[in-house]
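Input: a single structure, listed below in structure tokens.
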Amino acid sequence: MAAPECPRDARRGVEEGRGAPRGLRPHIALVGRRNAGKSALLNALAGQAVSIVSETPGTTTDPVAKTMELAPLGPVVLLDTAGIDDEGDLGPLRVERTLTALRGVDAVLLVTDRGLWEAPEREVAAVLDARSIPYVVLCNKADLGDEEPPAMEGRRRLSVSARAGTGMAAVVAELARILPDAALRQPPLLEGLLPAGGLVALVVPLDSGAPKGRLIQPQVQTIRDCLDARGICLVTTPEEYPGALQRLNAAPDLVVCDSQVVRETVAATPPRVPLTTFSILMARLKGDLTTLAAGAAALERLAPGETVVIQEGCSHHPQADDIGRVKLPRLLRALAGGDVHVVMAAGTEFFAYPAGTKAVIHCGGCVITRRQMLERMAAARAADLPMTNYGLALSLGQGVLERALAPFPEALAAYRAMREALPT
Ligand SMILES: Nc1nc2c(ncn2[C@@H]2O[C@H](COP(=O)(O)OP(=O)(O)OP(=O)(O)O)[C@@H](O)[C@H]2O)c(=O)[nH]1
Ligand SMILES: [Mg+2]
């Protein structure tokens, strides 16, 4: 029977059971030289001692992520980083990690010691400008004196003191101003799919792989979105689904099922009823569904011996019937008609695709943000690689991808166009 599509979500739940899921929170990094007061500022914003603060330069060596509520902004992830001027044997490595951590953050607080603005600050500002990451310069340690900070080439700056706790409200207000709308307000999963007061049927397998006593994040999010839209939600297992349909006096307006039971759900659903999968809804929210749908076509052109990268947003302990490690490789063998070379890439680190890779299949990305997912898609595009995701691949493998994409005409058209364009 089906294991859940994201084993990490199944095992760990939503952000250790508290608050908004990490993948829905804006990610904000504190960046600057050693001793500028990044960790002290993180603590001041959090209102608790999260990061170690000390007068020894180089105290923070690895990025430290902290989920917190920044009123009135809401739930965020703040990322403390190693100094951008770190030196010694490990210095360059740490700086590299800091720069890597910046990939996929939604905004940056560039922390300076009372406005010190020299080569390290200029260089990191240039990186942020080049990557179009919004940021504000913080002149920390204002309690030490009122040195007039230099002009900083016209950049916006705020005077703050982590020690005295002054200026924090202004920092949060500035973040609210510079964070992109897409990072602050995620559109509902069901946007444009459910008429007012409509009925959605959700098909949720409850098997040995399902988490005990609860539902996984995409399912919970869909139920919540349905209720927000004042819709009606019917939740059933695949076994109960055909009987549940019979008890209704009208067909549902929409059916959403787990990717692993999509074939049987399609078989039990009247053809005119719009049907899709949780994974496709997440792909639309998290990345670019049209590009991922087009990428699925590449899997139909695989030949034996070719390489496919399977990429996950987190590292989880693989389960017995793990999707990435067992099911998808099996599916790829069936599609290619022979053995396929599968390379696993798990975790938040950036990954260089091996030469000769033919396609990338990414997980749903429930623990990474939309921006992080888009960065990964851009990396695949830069390497000229088609990327699709787990759910699309599973629907393809079950022969019902077109049906599951039908509620999204643009994505369906992109998939069909790519099928036509690729050599057979
Ligand atoms: N006076 C004053 N001292 C501060 C302030 N913020 C931080 N400090 C001090 O500056 C030193 C460095 O602070 P940290 O927060 O550890 O600096 P950091 O940027 O995280 O440094 P690394 O982790 O080494 O990169 C500590 O001794 C802090 O007590 C401030 O607002 N005012
Ligand atoms: Mg630090």
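Observations
- Calculated FRET efficiency, ALA65 to ASN249, Cβ-Cβ distance, R0 = 56 Å: about 0.70 to the nearest 0.05.
- By the Kirkwood approach, averaging reciprocal distances over each pair of separate Cα atoms, segment 367-424 gets a hydrodynamic radius of 12.9 Å.
- Relative contact order of the chain, pairs being alpha-carbon contacts under 8 Å that are 6 or more residues apart, as %: 17
- Dmax and Rg, reported as Rg then Dmax, of the chain (C-alpha, Å): 23.6, 75
- The residue list VAL203, VAL31, GLN260 was ranked by how far each Cα lies along the charge dipole of the chain toward its positive end, using unit charges on Cβ atoms, and VAL203 comes out on top.
- Each of ALA298, ALA229, PRO134 was scored by the projection of its Cα onto the charge dipole of the chain, and the greatest displacement toward the positive side belongs to ALA229; charges sit on the C-beta of Lys, Arg, Asp and Glu.
- Vicinal HN-Hα couplings computed from phi for segment 233-239 (Karplus, 6.51 cos²θ - 1.76 cosθ + 1.60; Hz; Gly/Pro x): 10, 10, 10, 9, 7, x, 5
- Overall, segment 27-178 carries a charge dipole of about 400 debye about its Cα centre when +1 sits on the Cβ of Lys and Arg and -1 on the Cβ of Asp and Glu, all other atoms neutral.
- Given LYS212/LYS358; LYS212/LYS327; LYS66/LYS212; LYS66/LYS358; LYS141/LYS286, the pairs whose alpha carbons are separated by over 29 Å: LYS212/LYS358; LYS66/LYS358; LYS141/LYS286
- For a modelled paramagnetic label at GLU191, 7 Å from Cα along Cα-to-Cβ, no residue of segment 358-375 is in reach, as no backbone nitrogen comes under 11 Å.
- About its Cα centre, the chain has a charge dipole of approximately 820 debye under the convention of +1 per Lys or Arg Cβ and -1 per Asp or Glu Cβ, with nothing else charged.
- Evaluated over segment 72-175, the Cα radius of gyration and Dmax, each in Å: 14.0, 42
- Semi-axis lengths, largest first, of the ellipsoid equivalent to segment 187-279 are 19, 17, 12 Å, with √(5λ) applied to each eigenvalue of the Cα gyration tensor.
- Electrostatic dipole magnitude of segment 346-407 [Cβ: Lys, Arg +1; Asp, Glu -1; Cα centre; debye, to 20]: 100
- Rg/Rh (Cα only; Kirkwood hydrodynamic radius) as it applies to segment 287-421: 0.93
- Each stretch of four or more DSSP H residues adds -39500 (n - 2.57); spread over every residue of the chain, this sum gives -10000 deg cm²/dmol at 222 nm.
- The residue list VAL111, LEU93, LEU285 was ranked by how far each Cα lies along the charge dipole of the chain toward its positive end, using unit charges on Cβ atoms, and LEU285 comes out on top.
- Reported to the nearest whole Å, the Cα centre-to-centre distance from segment 400-424 to segment 53-108 is 41.
- Centre-to-centre separation between the Cα atoms of segment 130-144 and those of segment 148-197: 13 Å.
Each value in this text was obtained by applying a stated rule to the coordinates, not by laboratory testing. Because the structure is predicted, anything quoted here is derived from the model rather than measured. Reconstructed Cβ throughout: ideal geometry from the backbone, glycine too, with neighbour counts over all protein chains shown.
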